[in-house]
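First the structure, then my questions, so here it is.
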Amino acid sequence: MPHDDATLPESFAEALVRAGFDVSAESRATLMAALQHQIPRARSLAIRGLARHQCVETANLLPLLHDEDSRVVRDALEVAAHLETVSDEIAQTFGHLLSHADPLVVEASIFAAGEHGLTQLVDVLNRITASHDDARCREAGVIALGQIGVDQGRDVILAALQDKPTVRRRAVVALASFEGPEIETALDAAAQDRDWQVRSAVEQLRRDPD
């Protein structure tokens, strides 16, 4: 089947997928080489495959976090989010990506920051959660602040209870990381929310606080 330079031949794509599930030195070498491929999808498939091989390192992940293609950056962020630990350099890159022009990259960066509990990014996460134009980013910010669970994010999470329903639901869940009379007062108000899923989240939180 003919293809242009921006399209990955299906046979090669299938080979990369197979290599991701074949834990051998040859397959690993194939994936490592594909990290430099000119077609973005190949780079994405390569880093996903290396994640299955459990051999993702800063040296092969960092260039993809700076990739010119947003889809590759998002895939690299997803891989990074599920690593056991990340280097300081990778964590710093998460911070830079929080100001990316693509809101989906911002959302993925927030997710990664929350998964790794990066307290050094709380100020930026607070700003995004409070004022980002894209509700998906605000929602992700609430989740991340709840995961990190430091007092620095408490007021922003409380304020998120006035946001859109999807954000309010996440804010209720995030409040499980905090204690105090103002938290109980906020949950009392959320229990009367016009959105039934917000009310349900409060009910579930109080039924199963752990």
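Looking at Val105, Val150, Val73, Val79, can you tell me which residue is touching a helix residue (DSSP H, G or I) at 6+ places or on another chain (Cβ under 9 Å), surrounded by 14 or more Cβ atoms within 10 Å (Cβ to Cβ) and either at positive phi or not assigned by TED's automatic domain parsing to the domain that holds Ala46 (or both)? Before the answer, list the steps.
Values: Val150 fails: surrounded by 14 or more Cβ atoms within 10 Å (Cβ to Cβ); Val73 fails: either at positive phi or not assigned by TED's automatic domain parsing to the domain that holds Ala46 (or both); Val79 fails: either at positive phi or not assigned by TED's automatic domain parsing to the domain that holds Ala46 (or both).
Every option except Val105 fails the conditions.
Still on this structure: Checking the condition surrounded by fewer than 22 Cβ atoms within 10 Å (Cβ to Cβ), of a type in the set (A, V, I, L, M, F, W, C) and either farther than 26 Å from Arg48 by Cβ or not assigned by TED's automatic domain parsing to the domain that holds Ala59 (or both), which residue from Ala135, Ala171 passes? Give the derivation first.
On the way: Ala171 fails: surrounded by fewer than 22 Cβ atoms within 10 Å (Cβ to Cβ).
Going through Ala135, Ala171 in turn, the sole match is Ala135.
Can we say Arg194 is more than 14 Å from the chain's Cα centre (by Cα), part of a loop (DSSP other than H, G, I, E, B) and surrounded by fewer than 18 Cβ atoms within 10 Å (Cβ to Cβ)?
For Arg194, the condition - more than 14 Å from the chain's Cα centre (by Cα), part of a loop (DSSP other than H, G, I, E, B) and surrounded by fewer than 18 Cβ atoms within 10 Å (Cβ to Cβ) - is met.
Could you go through region 122-132 and let me know if any residue there is more than 22 Å from Ala33 (Cα to Cα), in a helix (DSSP H, G or I), without any contact (Cβ under 8 Å) to a residue 60 or more places away in the chain and touching a Cys at 6+ places or on another chain (Cβ under 9 Å).
Within region 122-132 (the criterion being more than 22 Å from Ala33 (Cα to Cα), in a helix (DSSP H, G or I), without any contact (Cβ under 8 Å) to a residue 60 or more places away in the chain and touching a Cys at 6+ places or on another chain (Cβ under 9 Å)), the answer is yes, since at least one residue qualifies.
Could I ask something else about it? Please name all residue pairs, on different chains or six or more residues apart, with Cβ atoms under 7 Å, provided the first residue is in region 47-68 and is closer than 18 Å to Glu84 by Cβ and the second residue is of a type in the set (Val, Ile, Thr) and surrounded by fewer than 16 Cβ atoms within 10 Å (Cβ to Cβ).
His53/Val23
The values are calculated or read from the model by the stated rules, or taken from the named source; none is laboratory data. Keep in mind that what you see is a predicted model, and the values were worked out from it rather than measured. Methodologically, a virtual Cβ is constructed for each residue, glycine included, from the backbone with ideal geometry; neighbour enumeration extends over all protein chains shown.
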